[in-house]
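In what follows, a single structure is set out as structure tokens and then discussed.
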Amino acid sequence: MNYRFCVLITGLALLVVSCSKFPLFQDDTFTDTRDNHVYKQVRIGTQTWMAENLAYLPAVSPSAVGSDSIPHYYVYDYQGISTDAAGTAGTYNNYGVLYNWEAAKFSCPSGWHLPNDEEWQTLADFLDKNWLTVGNKMKETGTSHWISPNDKATNKSGFTGLPGGERSVSGGFNGIGYYGEFWSSSIIYPPFIKIRMLVTGLEVLGANHFDPGNGFSVRCLKDQ
């Protein structure tokens, strides 16, 4: 068996550690100064990702209200317009906010951005060149938030992917616990937008394209 080793230099200390591809996890956080929401973050390769779904909620709409060009924010199963009430919902606290694409483009905090599809692919390639299994390394383990089966999820990346479901353009919420769909900033087959998907019972990091009026989760990527 071959082993790789890397050398980490911290100050004057020289530390030799066995070099896995995956980061040495720390309880690392940052605070969004717009609402003082504290997020976990994780360094994966050359990228720093949110380890939680974005929860920025400057306004909220019922699922029947939508647009391709006006920002809309949704909290799964909440059908009112009060951000205070929506912010107490269990779905908000567990899964964050669902954004249409117009909202998603501008909702990441300063110093962070909505990743394009190439940046999603950089993450996937670092974790596992096999797209058929890379999703396992990105999904939160257990069934606290994922519907069973989720037995092959390892979360070795620390990404802690969550299944926040969606707000569909037909005006309803569906899929919570079963899949997490995440916007990219990449337009493909205009006007459709590229997304990445994690699905319960599946090991893949899927890809698809959807109308910008849908409501999906957001994972922000730290600016380089």
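Observations, loosely collected:
- Residue within the range 141-153 that is touching a strand residue (DSSP E or B) at 6+ places or on another chain (Cβ under 7 Å), surrounded by 12 or more Cβ atoms within 10 Å (Cβ to Cβ) and closer than 20 Å to Gln47 by Cα present: no
- Search result, residues across the range 41-95 that are assigned to a helix (DSSP H, G or I), in contact (Cβ under 8 Å) with a residue 60 or more places away in the chain and over 13 Å from the mean Cα position of the chain (by Cα): Thr91
- Among the residues of the range 58-77, those that are within 23 Å of Trp146 (Cβ to Cβ) and buried (at least 21 other Cβ atoms within 10 Å of the Cβ) comprise Ser63, Tyr74, Val75, Tyr76.
- Only one of the numbered conditions (1) part of a loop (DSSP other than H, G, I, E, B); (2) in contact (Cβ under 8 Å) with a residue 24 or more places away in the chain is not met by Thr122, and that is (1).
- Criterion: over 15 Å from the mean Cα position of the chain (by Cα), at negative phi, buried (at least 17 other Cβ atoms within 10 Å of the Cβ) and not small (Gly, Ala, Ser) - qualifying residue of Leu98, Leu132, Leu127: Leu127
- For the range 163-215, a tally of residues being touching a residue at least 12 places away in the same chain (Cβ under 8 Å), of a type outside the set (Asp, Glu) and not in a strand (DSSP E or B) returns 22.
- Lone unmet requirement of (1) surrounded by fewer than 19 Cβ atoms within 10 Å (Cβ to Cβ); (2) modelled with pLDDT of 95 or more; (3) of a type in the set (Val, Ile, Thr) for Val17: (2)
- Failed item in (1) surrounded by fewer than 18 Cβ atoms within 10 Å (Cβ to Cβ); (2) over 13 Å from the mean Cα position of the chain (by Cα), with Lys222 passing the rest: (2)
- Assessment of the range 186-200 against the conditions (under 30 Å from Gln79 (Cβ atoms), touching a helix residue (DSSP H, G or I) at 6+ places or on another chain (Cβ under 8 Å) and among the charged types (D, E, K, R)) yields at least one matching residue.
The values are calculated or read from the model by the stated rules, or taken from the named source; none is laboratory data. What you see is a predicted model, and the numbers here were worked out from it, not measured in a lab. When we count neighbours, we look across all protein chains shown, and the Cβ atoms used for this are built from the backbone with ideal geometry, even at glycine.
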